[in-house]
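Peer 1: The structure's right below; bear with me while I get my questions together.
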Amino acid sequence: MTLPDFDGCFSAADDYADLPACVQEAVELHFEGEAFEMPNPSDINELEKTGEYEGGVWMLVNVDLSKLDTKPMRLNVSLPGHIVKQMDDFAAENHLTRSALIVKATENYLNSH
């Protein structure tokens, strides 16, 4: 799935029902640690005219802006070297930064408890 209002931001899901959550996650990661101004939604009619999205299906998705804290907070943590190596390997394989992996892992942990 391409998100035309966020240059270089994309997502994927197996079911249409999963797309809104995947879009939210993609936008959160896209803006992680970046100062930004949220763009206004593009006009679908204008996007259709470009022909770039021909054959696709349009979906409007609300993004929860409260989850987009753009002010990064510097944090000093000490971790065992082998854990850092595993984190870096996993992050690289999944096209994440170390920080993005820590955020995702922490959110997953907090949401499961």
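Peer 1: Based on this model, can you work out whether Leu101 counts as touching a Phe, Trp or Tyr at 6+ places or on another chain (Cβ under 8 Å) and free of Cβ contacts under 8 Å to residues at least 40 places away in the same chain?
Peer 2: Here the answer is yes, as Leu101 does meet what is asked.
Peer 1: Okay, moving on. Run down Asn94, Asn45 and say which single residue is within 18 Å of the chain's Cα centre (by Cα) and under 24 Å from Tyr16 (Cβ atoms).
Peer 2: The unique qualifying residue is Asn94.
Peer 1: Name the residue, out of Leu101, Leu110, that is among the aliphatic types (A, V, I, L, M), touching a helix residue (DSSP H, G or I) at 6+ places or on another chain (Cβ under 9 Å) and not in a loop (DSSP other than H, G, I, E, B).
Peer 2: Criteria check complete, one pass: Leu101.
Peer 1: Pairs only if they're at least six apart or on different chains, beta carbon under 7 angstrom, first in the range 48-70 and on the phi < 0 side of the Ramachandran plot, second loosely packed, with under 10 Cβ neighbours inside 10 Å and of a type in the set (A, V, I, L, M, F, W, C); list them, first residue then second.
Peer 2: Cβ pairs passing all conditions: Thr70/Ala35.
Peer 1: Residue by residue through the range 48-79, note down the ones that are assigned to a helix (DSSP H, G or I) and within 19 Å of the chain's Cα centre (by Cα).
Peer 2: Of all residues in the range 48-79, those assigned to a helix (DSSP H, G or I) come to 48-50, 65-67.
Within the range 48-79, Leu65, Ser66, Lys67 meet the criteria.
Peer 1: Could you grab me the full set of residues in the range 80-98 that are out of contact with any Phe, Trp or Tyr (no Cβ under 9 Å at 6 or more places or on another chain) and assigned to a loop (DSSP other than H, G, I, E, B)?
Peer 2: Once the filter is applied, which keeps residues that are out of contact with any Phe, Trp or Tyr (no Cβ under 9 Å at 6 or more places or on another chain) and assigned to a loop (DSSP other than H, G, I, E, B), the range 80-98 yields Pro80, Asn94, His95, Thr97.
Peer 1: Could you count how many residues in the range 6-39 are more than 14 Å from Val57 (Cβ to Cβ), among the hydrophobic types (A, V, I, L, M, F, W, C) and modelled with pLDDT of 85 or more?
Peer 2: 8
The values are calculated or read from the model by the stated rules, or taken from the named source; none is laboratory data. Bear in mind the structure is a predicted one, so any value in this text is a computation, not a measurement. Cβ: placed from backbone, ideal geometry, glycine included. Neighbour counts: every protein chain shown.
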